[in-house]
């Protein structure tokens with residue numbers, strides 16, 4: 001029984017050393033997706049007719065930068081919001097001839113262990129705008 005316990009302890013210790021040693025050979029991408037990605041649709045189910053815009057952005061405390069973008073192609077719009085941090089985000093999203101909606105999203109911290117820790121887990125939302 002003592003031999004089995006000693007063997008298990010050796011294996012556990014060896015795994016811990018191997019895990020950190022293996023990180024040297026791992027190539028982390030470094031490019032994290034935006035904190036929030038939003039698919040913007042027309043609530044009627046028809047193609048969106050105007051490019052959405054994001055206004056009144058509130059980002060998590062401690063953010064030193066923020067970025068928003070929206071693009072429209074073939075009646076489909078995709079927007080993104082990013083401040084590079086987990087936390088609470090709020091913003092308004094609208095488009096010409098559509099009512100503006102207020103959106104709230106919480107971006108949770110990402111996994112910190114392993115070879116490639118991530119600051120946050122990206123959030124995907126869908127917003128249907130009404131005329």
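The values are calculated or read from the model by the stated rules, or taken from the named source; none is laboratory data. Nothing here was measured: the structure is a model prediction, and the numbers come from that model. For neighbour counting, all protein chains shown are included, and Cβ atoms are generated from backbone atoms with ideal geometry for every residue, glycine included.
No other residue among 84, 45, 62, 94 is modelled with pLDDT of 80 or more and more than 24 Å from the chain's Cα centre (by Cα) apart from 45. Mind listing just one residue for me: the one in region 89-99 that is touching a residue at least 40 places away in the same chain (Cβ under 8 Å) and surrounded by 14 or more Cβ atoms within 10 Å (Cβ to Cβ) and, of those, farthest from residue 78 (Cα to Cα)? The selected residue is 89. Would you be able to say whether some residue in region 30-41 is more than 26 Å from residue 131 (Cβ to Cβ), out of contact with any strand residue (DSSP E or B) (no Cβ under 8 Å at 6 or more places or on another chain), at pLDDT below 85 and outside any strand (DSSP E or B)? Scanning region 30-41 turns up at least one residue that is more than 26 Å from residue 131 (Cβ to Cβ), out of contact with any strand residue (DSSP E or B) (no Cβ under 8 Å at 6 or more places or on another chain), at pLDDT below 85 and outside any strand (DSSP E or B). Quick check: anything in region 73-92 out of contact with any strand residue (DSSP E or B) (no Cβ under 8 Å at 6 or more places or on another chain) and in a strand (DSSP E or B)? Scanning region 73-92 turns up at least one residue that is out of contact with any strand residue (DSSP E or B) (no Cβ under 8 Å at 6 or more places or on another chain) and in a strand (DSSP E or B).
Of all the criteria given as (1) surrounded by 14 or more Cβ atoms within 10 Å (Cβ to Cβ); (2) under 18 Å from the mean Cα position of the chain (by Cα); (3) under 16 Å from residue 125 (Cα atoms), the one not satisfied by residue 69 is (1). All conditions but one from (1) at positive phi; (2) in a loop (DSSP other than H, G, I, E, B); (3) at pLDDT 95 or above apply to residue 56; the one that does not is (2). Which ones in region 100-131 are within 21 Å of residue 41 (Cβ to Cβ) and surrounded by 13 or more Cβ atoms within 10 Å (Cβ to Cβ)? 100, 101, 103, 105, 122, 123, 125, 127, 128, 129 - these are the residues of region 100-131 that are within 21 Å of residue 41 (Cβ to Cβ) and surrounded by 13 or more Cβ atoms within 10 Å (Cβ to Cβ). Answer yes if at least one residue in region 100-121 is over 30 Å from residue 23 (Cα atoms), modelled with pLDDT under 95, part of a loop (DSSP other than H, G, I, E, B) and out of contact with any strand residue (DSSP E or B) (no Cβ under 9 Å at 6 or more places or on another chain), and no otherwise. Within region 100-121 (the criterion being over 30 Å from residue 23 (Cα atoms), modelled with pLDDT under 95, part of a loop (DSSP other than H, G, I, E, B) and out of contact with any strand residue (DSSP E or B) (no Cβ under 9 Å at 6 or more places or on another chain)), the answer is no, since none of the residues qualifies.
Per-residue answers, yes or no, for (1) closer than 28 Å to residue 29 by Cβ; (2) without any contact (Cβ under 8 Å) to a residue 24 or more places away in the chain:
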| position | (1), (2) |
| --- | --- |
| 64 | yes, yes |
| 72 | yes, no |
| 75 | no, no |
| 78 | yes, no |
| 120 | yes, no |
